[in-house]
């Protein structure tokens, strides 16, 4: 049998920090500071989250103890419920005793059922996606994942959510709107002022190009930089940022920006959709006229009430003397000739019937004739032995020199037998 879909739980905690979700994530590469894991804590009510970097899984108990103390000191509340999976760090007896000593109820998901802890799983996936995007954009090495994850968490807590009525998680938790004026692109170039005591002499530059790697302690004025020649961390409060330059990339890389067209309001007299007329002639005598880009002609707007100029009808071509040449004489209709050589060929005749067929006389060469059965035509016998109705209404008469016999209209390659006309 197949596994059924896991039921969706829309229930949320009513008070902040009443229900906490937790999970541990492992990365395949050691970070810059030799970290291998991080443990996440997600509030079920406000969706605010925290991340603590770990070097070993055994440090999860100490990180949880620090988190519980921070919530009690900073927000003055106690955590009531704790939800996690069945990882080894959560089923450890020391971890269980820590939660029970603080009076916290423990809830764990069923083995091999991560959907029960789905909110933390989705949060960790969001952090992975943000970290990958920041790392790939700035061309950072894989060992810089700790800076990408912490900067992604910084952006996550300051991003409006639809579930929160487009408020940010940190706004609901701290009761204060965050300052977004100091947010910069991770991995961009930043020029840092070097104090006089740190410079070698007066001829050395007063600033140095460094790599921006996020914020320290989650504060906008405490920023992390890296000196690129020796990859040493540097902390500063001010910098001159160039967010279109990424020093780690081989070539200059500019972030993709969508340009929104300027929709200016038009006056009442101006047309909403101007009429565009095209001109096809160029008064150029160069040999490479084909390479000239086509430019449409836009006529100027005419004031209202003016009469439009009627277009000039096309004039017939004139001769060298300026007179119109006389019309050409009508062509003489060709006489009937065999289509493919002379003689008789085997197969079907030109008509729709089977057997041999004969070509009628040329148009205008023979007078009215009588077909078997009394059917008469102007140019020859009618093979269907029916009287052909020739129109006599003015304007609906076949012109002189044409034929109404359908046998003459057949293509030569459609017949199987053609009798050459002598």
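The values are calculated or read from the model by the stated rules, or taken from the named source; none is laboratory data. This structure is a prediction, so every number in the text was calculated from the model and none was measured. So basically every Cβ, Gly included, is an ideal-geometry build from the backbone, and we count neighbours across all protein chains shown.
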List the residue pairs whose Cβ atoms are under 9 Å apart, where the first residue sits in segment 201-215 and is in the same structural domain as residue 154 (by TED's automatic domain parsing) and surrounded by 18 or more Cβ atoms within 10 Å (Cβ to Cβ), the second is modelled with pLDDT of 90 or more and part of a strand (DSSP E or B), and the two are 6 or more positions apart or on different chains.
none
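Okay, residues lined up against (1) in the same structural domain as residue 120 (by TED's automatic domain parsing); (2) without any contact (Cβ under 8 Å) to a residue 24 or more places away in the chain; (3) assigned to a loop (DSSP other than H, G, I, E, B); (4) surrounded by fewer than 18 Cβ atoms within 10 Å (Cβ to Cβ):
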residue: 10; (1), (2), (3), (4): no, yes, yes, yes
residue: 13; (1), (2), (3), (4): no, no, yes, yes
residue: 24; (1), (2), (3), (4): yes, no, no, no
residue: 32; (1), (2), (3), (4): yes, no, yes, yes
residue: 64; (1), (2), (3), (4): yes, no, no, no
residue: 79; (1), (2), (3), (4): yes, no, yes, no
residue: 82; (1), (2), (3), (4): yes, no, no, no
residue: 91; (1), (2), (3), (4): yes, yes, yes, yes
residue: 98; (1), (2), (3), (4): yes, no, no, yes
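Quick test for you: out of 182, 105, pick the one residue that is out of contact with any helix residue (DSSP H, G or I) (no Cβ under 6 Å at 6 or more places or on another chain), in the same structural domain as residue 34 (by TED's automatic domain parsing) and either closer than 15 Å to residue 20 by Cβ or modelled with pLDDT under 95 (or both). Step through it out loud before you land on a result.
Values: 182 fails: in the same structural domain as residue 34 (by TED's automatic domain parsing).
After applying the criteria, what remains is 105.
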Residues of segment 46-60 being out of contact with any strand residue (DSSP E or B) (no Cβ under 7 Å at 6 or more places or on another chain) and either buried (at least 20 other Cβ atoms within 10 Å of the Cβ) or touching a residue at least 40 places away in the same chain (Cβ under 8 Å) (or both), which ones?
46, 48
